[in-house]
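Every number in this text was worked out from the coordinates using simple rules, so none of it is lab data. Only a predicted model underlies this, so the values are computations on that prediction, with no experimental measurement involved. As a convention, Cβ positions derive from the backbone with ideal geometry for all residues, glycine included, and neighbour counts pool all protein chains shown.
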């Protein structure tokens, strides 16, 4: 990887507390699920402290609307935000897990049976680094 670049590498839904991709992440009857985001950064960038904005949103593909409010996080390439040496070279990696409450308070809510997909973007100030990724499609119960 370029020493001054970063890329979002994975975005998937999982049952709460799991890292295993799941297309029905709140089944059989949970009121939350996890969104697991992976990223890598080059050797010069990974611990530089360079700020970026991480934006996560959801699209309800069934109703063709926004799934729930967009989450905007202001982070930086540093250990405090989860960036660590990859262990296989000079690059850095980061895995973050976000707990997502099921809209409507749990199973059977307004999005039950709907197919959704999350989208994440990482953008540094001045848009010198931009990365976008989509999650797997998933269904809420």
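Could you order peptides 75-86, 123-134 by the average number of other Cβ atoms within 10 Å of their residues, highest first? Show your work: numbers first, answer last.
Working: 75-86: 16.0, 123-134: 13.5.
With the highest mean Cβ count within 10 Å placed first, the list reads 75-86, 123-134.
Which one, [x] 47; [y] 42; [z] 30, gives percent of Cα pairs over 25 Å apart as derived from the coordinates shown?
Matching entry in [x] 47; [y] 42; [z] 30: [z].
List the relative contact order of the stretch 6-136 as a percent without decimals, with contacts defined as Cα pairs under 8 Å and 6+ residues apart.
Working: 308 pairs, mean separation 41.2, N = 131.
So the answer I get is 31 percent.
Find the centroid of the Cα atoms in the stretch 104-141 and in the stretch 66-86, then give the distance between the two in whole Å.
One Cα centre to the other: 14 Å.
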